[in-house]
1. Counting only residues that are surrounded by 12 or more Cβ atoms within 10 Å (Cβ to Cβ) and without any contact (Cβ under 8 Å) to a residue 24 or more places away in the chain, how many does the range 191-214 have?
2. Can we say GLN49 is more than 20 Å from ILE152 (Cα to Cα), at pLDDT 85 or above, among the polar types (S, T, N, Q) and not in a strand (DSSP E or B)?
3. ILE171: modelled with pLDDT of 90 or more and of a type in the set (Val, Ile, Thr), yes or no?
4. What are the pairs, 6+ residues apart or on separate chains, where a residue within the range 83-112 that is in contact (Cβ under 8 Å) with a residue 12 or more places away in the chain has its Cβ under 8 Å from a residue that is part of a helix (DSSP H, G or I) and acidic (Asp, Glu)?
5. Collect the residues in the range 99-128 that are within 21 Å of GLN34 (Cα to Cα), crowded, with 17+ Cβ neighbours inside 10 Å and in contact with a helix residue (DSSP H, G or I) (Cβ under 8 Å, 6 or more places away or on another chain), keeping them in residue-number order.
6. Yes or no: SER25 among the hydroxyl-bearing types (Ser, Thr, Tyr), more than 16 Å from the chain's Cα centre (by Cα) and at negative phi?
7. Scanning for something at pLDDT below 85 and among the hydroxyl-bearing types (Ser, Thr, Tyr), does the range 7-28 turn up at least one residue?
8. On the basis of being at negative phi, among the acidic types (Asp, Glu), part of a loop (DSSP other than H, G, I, E, B) and out of contact with any helix residue (DSSP H, G or I) (no Cβ under 6 Å at 6 or more places or on another chain), does ASP131 make the cut?
Amino acid sequence: MSKGSAIKKKIKAILISGPPGAGKSPLGEFLEKQSFSGLSFIHFDFGRQLRTILKDSGDSFTPPLDGYFTKDELRRIRQSVEKANLFEENDRELVRKIFRYFFLKKKVKAGAVLVLNGLPRHMAQLDWLEDLVEVVLVVELDCSEETAIKRILNNLEKERKGREDDQPEVISRRYKLYKERTEPLLNYFRQIGIPVIRLKVDLDSDPRSLWAQLKLHPEFQPISLLASR
């Protein structure tokens with residue numbers, strides 16, 4: 001399998017968006033285990049993918065992935081993970097490469113709907129994926145900074161164990177970045193007619209309760225039509 005052969009046509013996708021601590025990854029994982037009107041979901045967690053790449057960069061790469069990323073690319077990925085820096089225009093090809101890496105390692109069934117989490121985070125990143133992904137729905141997890149911080153602190157020994165970006169000062173910077181860079185992206189989706197479903201997140205919100213709201217939302221129902229395409 002060549003490095004460029006994993007994605008043959010645009011993939012339909014749902015984007016989960018929200019600040020750090022809102023529960024994007026748990027919801028994405030939960031969706032991957034669900035079926036909706038015959039549709040299956042594949043969760044692409046960009047942050048987790050970055051951490052997986054760094055972990056795999058030891059001796060666990062196997063052909064055709066051996067040497068897939070250069071040392072400079074791995075350094076850039078580590079910098080993003082440790083400092084919570086967004087990928088910018090100079091990182092365009094690296095981000096596309098990371099996206100393809102996911103499909104090289106993951107067995108994606110034909111017709112599955114991709115659940116994007118952590119990518120795209122700003123307008124330029126959406127442009128980078130234009131020929132690879134078609135976002136058909138956005139799920140916005142609406143969570144205040146105070147609630148987000150409490151949710152993260154309550155979860156440090158669970159799903160978020162070992163996260164290098166969960167230091168208080170990093171959390172605040174990531175929340176600010178979300179408000180400045182990602183919320184305008186959501187407004188863009190609204191302007192072009194892509195449904196944006198807002199789900200309120202409180203301290204006790206969990207994936208099951210969010211899914212219960214989501215699957216009954218009128219703007220989520222048309223997703224079932226993708227099964228016949």
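The values are calculated or read from the model by the stated rules, or taken from the named source; none is laboratory data. This one's a predicted model, so the numbers in the text were calculated from it and none came from an experiment. Cβ placement follows ideal geometry from the backbone for every residue including glycine, while neighbour counts extend to all protein chains displayed.
1. Counting residues in the range 191-214 that are surrounded by 12 or more Cβ atoms within 10 Å (Cβ to Cβ) and without any contact (Cβ under 8 Å) to a residue 24 or more places away in the chain gives 2.
2. Criteria not met by GLN49.
3. no
4. LEU94/GLU73; LYS97/GLU73
5. PHE102, VAL113, VAL115, LEU116, ASN117, GLY118
6. On the way: among the hydroxyl-bearing types (Ser, Thr, Tyr): yes; more than 16 Å from the chain's Cα centre (by Cα): no; at negative phi: yes.
Spelling it out, it is not the case that SER25 is among the hydroxyl-bearing types (Ser, Thr, Tyr), more than 16 Å from the chain's Cα centre (by Cα) and at negative phi.
7. No, that holds for no residue.
8. For ASP131, the condition - at negative phi, among the acidic types (Asp, Glu), part of a loop (DSSP other than H, G, I, E, B) and out of contact with any helix residue (DSSP H, G or I) (no Cβ under 6 Å at 6 or more places or on another chain) - is met.
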